[in-house]
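What follows is calculated from the coordinates using simple rules that are stated; it is not laboratory data. Quick caveat, the model's predicted, so the values are computed rather than measured. In this analysis, Cβ positions are derived from the backbone assuming ideal geometry, glycine residues included, and neighbour counts consider all displayed protein chains.
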Amino acid sequence: MAHVTPAPALRAQPIIALDVPTLDAARALIDRLGPQADFVKVGLELFTAEGPRVVEWLQREGRRVFLDLKLHDIPNTVRGAARSAATMGASLLTVHGYGGAAMVDAAVEGAGDRTGILVVTVLTSLDVRALGVALGREVPEMGAEVTRLAAVAQAARAHGVVCSGLEVAAVRTTYPGLAPLVPGLRLEGGATQDQSRVVTPERAAADGAAYLVLGRAVTAAPDPAAVLAGVVRGLSVQG
């Protein structure tokens, strides 16, 4: 296993999104990021292309893996998938809150003590209008919808939820035992890309995020290691 320098104690743990199409591309990005990228996200694109071997390789490199598959299926299928993710060694796994209480319960059961289940509330690409169209009902306020789904996570004894930085304070206040993971982050002055509800890493951490997923703002930079180091410095000063 490659030696990885321990990260400084931070209020919120940065997770780097390996949103790339191949294992070779993931290797190249990891090389550019260096040892500070000790916690990484493997999403649908990379996992569909490479399967479990990318998780196995990352673990050999000393990296923890957040497996962001957003499972949404019948409870028995999700239970088996969560069990497989735990056997694979994933530290975190996502399932959709809209899959219902029985499905989330099954995911937590399948994962056991080895993998933390994170319940996806509302995707950060959606605003209130788009969510209302998708659900076929009016959504008057996003925070209420996010905390409603957080209640499903709490009842199932999930590890945490995925929500935008705009709702993380409400989740922490209502359900202090849940660990919020915040994607869709931007750096100060950076573009929002295809996200609708975004904040900076520092704001999300101050409001109670446990995990911060950093994607293109870091990985598409000319020097991603330097940008990541800057984020870590900012979180260290804040913490």
- Message: Using Stokes-Einstein with the Kirkwood hydrodynamic radius over Cα pairs, what translational diffusion coefficient do you get for segment 1-117 at 20 °C and a viscosity of 1.002 mPa s, in µm²/s rounded to a whole number?
- Response: 147 µm²/s
- Dipole magnitude (debye, nearest 20) for the chain, charges at Cβ of Lys, Arg, Asp, Glu: 300 debye
- Message: Explain nothing, just compute: Karplus ³J(HN,Hα) = 6.51 cos²θ - 1.76 cosθ + 1.60, θ = phi - 60°, for every residue of segment 108-115 in order, whole Hz, x for Gly and Pro.
- Response: 4, 5, x, 6, x, 8, 8, 10
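What's the long-distance tail for segment 69-200, i.e. % of Cα pairs beyond 18 Å? Write down the numbers at each step before the final one.
Numbers: 4563 of 8646 pairs.
The share of Cα pairs beyond 18 Å in segment 69-200 comes to 53 percent.
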- Message: Using the Karplus curve 6.51 cos²θ - 1.76 cosθ + 1.60 with θ = phi - 60°, what ³J(HN,Hα) values do you get for each residue of segment 152-160, in whole Hz, with x for Gly and Pro?
- Response: 5, 5, 4, 5, 8, 6, 5, 5, x
- Longest segment of the chain with no GluC sites (Glu not before Pro) in a DSSP loop having at most 13 other Cβ atoms within 10 Å? 1-137
- Query: Which of the peptides 15-28, 116-129, 220-233 is most tightly packed, and how do the rest follow, going by the mean number of other Cβ atoms within 10 Å of each residue?
  - Reply: 116-129, 15-28, 220-233
- Query: Which value, in Å to one decimal place, does the Kirkwood hydrodynamic radius take for segment 103-166 when every pair of different Cα atoms is included?
  - Reply: 12.5 Å
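Shape call for the chain from the C-alpha gyration tensor, a ≥ b ≥ c root eigenvalues: rounded (a/c under 1.5), prolate (a/b greater than b/c) or oblate? Kindly include the intermediate steps, with their values, before the conclusion.
Details: a/c = 1.60, a/b = 1.18, b/c = 1.36.
Oblate.
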- Item | Residues residue 32 and residue 236, FRET efficiency given R0 of 22 Å [Cβ-Cβ distance, rounded to 0.05] | 0.50
